[in-house]
Amino acid sequence: MKYAGIDNWVSVFEAASWEEAAVIKGMLEAAKIPVILDRDSLGDGYSMSTSVVSEVLVKVPRQMVAKAAQMLQKKSFGASRD
């Protein structure tokens with residue numbers, strides 16, 4: 001899917017898996033924040049014998065970064081806040 005002005009989109013979260021990224025995407029989209037997922041593979045161009053290490057970047061339009069960050073800060077994602 002193409003978006004106009006894709007250069008103005010900013011990464012707000014690095015997910016360890018596609019599934020985690022999809023959860024974050026759903027949460028942000030429910031708050032009316034447009035989201036794209038960008039798989040950034042560290043194995044591109046390299047032959048790796050075990051597995052390709054990859055992450056999924058969650059990106060939002062630059063003007064929505066503050067709102068997205070606020071939404072993400074409200075969620076602990078299982079992390080302890082001690």
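The values are calculated or read from the model by the stated rules, or taken from the named source; none is laboratory data. Predicted, not measured: the structure shown is a model, and the values here were computed from it. Neighbour counts are summed over all protein chains in view; Cβ atoms, including those assigned to glycine, are modelled from backbone coordinates with ideal geometry.
Observations, loosely collected:
- Within the stretch 71-81, one or more residues are modelled with pLDDT of 85 or more and surrounded by 10 or more Cβ atoms within 10 Å (Cβ to Cβ).
- Selection within the stretch 12-29 - modelled with pLDDT of 95 or more and either of a type in the set (S, T, N, Q) or loosely packed, with under 13 Cβ neighbours inside 10 Å (or both): GLY26, GLU29
- Filtered residues of the stretch 30-51 (kept if modelled with pLDDT under 55 and of a type in the set (A, V, I, L, M, F, W, C)): LEU42, MET48
- Matching residues, the stretch 16-26, being touching a Leu at 6+ places or on another chain (Cβ under 8 Å) and in contact (Cβ under 8 Å) with a residue 24 or more places away in the chain: TRP18, ALA21, ILE24, LYS25
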